[in-house]
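Here the structure comes first, spelled out in structure tokens, and everything after it is commentary.
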């Protein structure tokens, strides 16, 4: 321990500089905050359902809660009950055994409901497609307001997808991000 403390005293604290803030992230977060307050007048409650993913998208979802993206500051929080949710975020191709659970989750949500299909698997089935174990994309089970392609999509793209879903009407037209 003494050796380590002497090394720190000799060299000082050495760390990397913080990365520069992405300009797309700043504009997305400002628009998302304004749209959430206009639509709900309070925090946006998000219910996440893993319908059969590889967990790559979940890792990026955890990243949006870190100090760089800080979605809690924007008034976005993840809730455990669909009865408290305004937006349903679905990752992965919908496994056949998850169809009923996904529909029940959607039906338990109060209106207005928004659904975002996250990742290539949620958008079009990805590498799993439609098979004996999968019904394919989320749109095969639920009306989707926005899709966020990518394997996995970046946290900025996830926030842009949430913003796209909030700017959509209650039609489930499946707006894709470029």
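The values are calculated or read from the model by the stated rules, or taken from the named source; none is laboratory data. Because the structure is predicted, anything quoted here is derived from the model rather than measured. Here the Cβ positions follow ideal geometry from the backbone for every residue, glycine too, while neighbour counts run over all protein chains shown.
Side notes on the structure shown:
- All conditions but one from (1) buried (at least 17 other Cβ atoms within 10 Å of the Cβ); (2) over 18 Å from residue 153 (Cα atoms); (3) in contact with a strand residue (DSSP E or B) (Cβ under 6 Å, 6 or more places away or on another chain) apply to residue 88; the one that does not is (2).
So that you can scan it fast, the table gives a plain yes or no per residue for (1) over 17 Å from residue 140 (Cβ atoms); (2) at pLDDT below 95; (3) surrounded by 14 or more Cβ atoms within 10 Å (Cβ to Cβ):
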position: 58; (1), (2), (3): yes, yes, yes
position: 65; (1), (2), (3): yes, yes, yes
position: 69; (1), (2), (3): yes, yes, yes
position: 72; (1), (2), (3): yes, yes, no
position: 80; (1), (2), (3): yes, yes, no
position: 98; (1), (2), (3): no, yes, yes
position: 114; (1), (2), (3): yes, yes, yes
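- In segment 46-67, the residues that are in a loop (DSSP other than H, G, I, E, B) and touching a residue at least 60 places away in the same chain (Cβ under 8 Å): 51, 52, 53, 54, 64
- Every residue from segment 121-163 that is in a helix (DSSP H, G or I), buried (at least 23 other Cβ atoms within 10 Å of the Cβ) and more than 11 Å from the chain's Cα centre (by Cα): 121, 122, 123, 138
- Failed item, numbered, when residue 41 is tested on (1) closer than 21 Å to residue 145 by Cα; (2) surrounded by 10 or more Cβ atoms within 10 Å (Cβ to Cβ); (3) out of contact with any strand residue (DSSP E or B) (no Cβ under 8 Å at 6 or more places or on another chain): (2)
- Among residues of segment 17-27, those that are touching a residue at least 60 places away in the same chain (Cβ under 8 Å) and not in a helix (DSSP H, G or I), counted: 1
- Cβ-Cβ contacts under 7 Å between residues 6 or more apart (or on different chains), taken from a first residue in segment 28-45 that is more than 14 Å from residue 158 (Cα to Cα) to a second residue that is assigned to a helix (DSSP H, G or I) and at pLDDT 85 or above, are listed as 35/163; 35/166; 35/167; 36/166; 39/166; 45/84.
- For residue 110, the criteria (1) touching a residue at least 24 places away in the same chain (Cβ under 8 Å); (2) exposed (fewer than 15 other Cβ atoms within 10 Å of the Cβ); (3) not in a loop (DSSP other than H, G, I, E, B) hold in every case but one, which is (3).
- Candidates 102, 89, filtered to the one that is under 17 Å from the mean Cα position of the chain (by Cα) and over 17 Å from residue 166 (Cα atoms): 102
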